1. Would you mind listing the helices (runs of 4 or more DSSP H) fully within the stretch 40-147 where at least 2 residues are within 30 Å of Val2 (Cα to Cα), at pLDDT 85 or above and out of contact with any Pro (no Cβ under 8 Å at 6 or more places or on another chain)?
Amino acid sequence: MVKVEIVDEKEANSPYASPSPSRTNSSESLSSVESDLSAEESLFDRLSALVDIVPPTTRHSIVSKFSSTASFLKSSGKLVGNIVWVVTTSALLVGLPLAVSLEDEAKMVQQEKEMQEQQAGAQQMMAPSMYPAPSGSQPKPLVPPGF
């Protein structure tokens, strides 16, 4: 139950009472009230006092929306984490051996190509030339006439 009292503004005990209506007095008294309040209250105390301002039905709807959003984010995070885990392990178990085998196969193909080129080079050296060397005749030197 709340008891309501009428307080006279001109009482000396009131922090809002000012003896004269000047601006400097009122601002000084307000700054002293603010410093007194900030020294006694923390931010948490001020926020917890706001709970009484919001009606219970509104508080309940805000809390239920917040909790449902938090649970949705938590379950979504777990689902995304599980999907990432499955994709990563599958890539390591399937993709890595596949990449290694493809690389080995490419090396084997390269080696076979090199062997074929070596065999072709050896056959070319062993095969007779298409242009037989002239027998008994000397090749003419390429010297310009007049020397």
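1. On the way: elements: 43-49, 56-90, 96-126.
Ranges flagged: 43-49, 56-90.
Conditions (1) more than 29 Å from the chain's Cα centre (by Cα); (2) of a type in the set (Ser, Thr, Tyr); (3) open to solvent by 90 Å² or more (accessible area, probe 1.4 Å), marked per residue:
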{"position": "Lys65", "(1), (2), (3)": "no, no, yes"}
{"position": "Phe72", "(1), (2), (3)": "no, no, yes"}
{"position": "Ser75", "(1), (2), (3)": "no, yes, no"}
{"position": "Asn82", "(1), (2), (3)": "no, no, yes"}
{"position": "Asp104", "(1), (2), (3)": "yes, no, no"}
{"position": "Gln111", "(1), (2), (3)": "yes, no, yes"}
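The values are calculated or read from the model by the stated rules, or taken from the named source; none is laboratory data. Computed from a predicted structure; not experimentally measured. All Cβ positions, glycine included, derive from the backbone under ideal geometry; neighbour counts span all protein chains shown. Note: areas computed on protein heavy atoms with side chains; ligands, DNA, RNA excluded. Shrake-Rupley method; radii C 1.70, N 1.55, O 1.52, S 1.80 Å.
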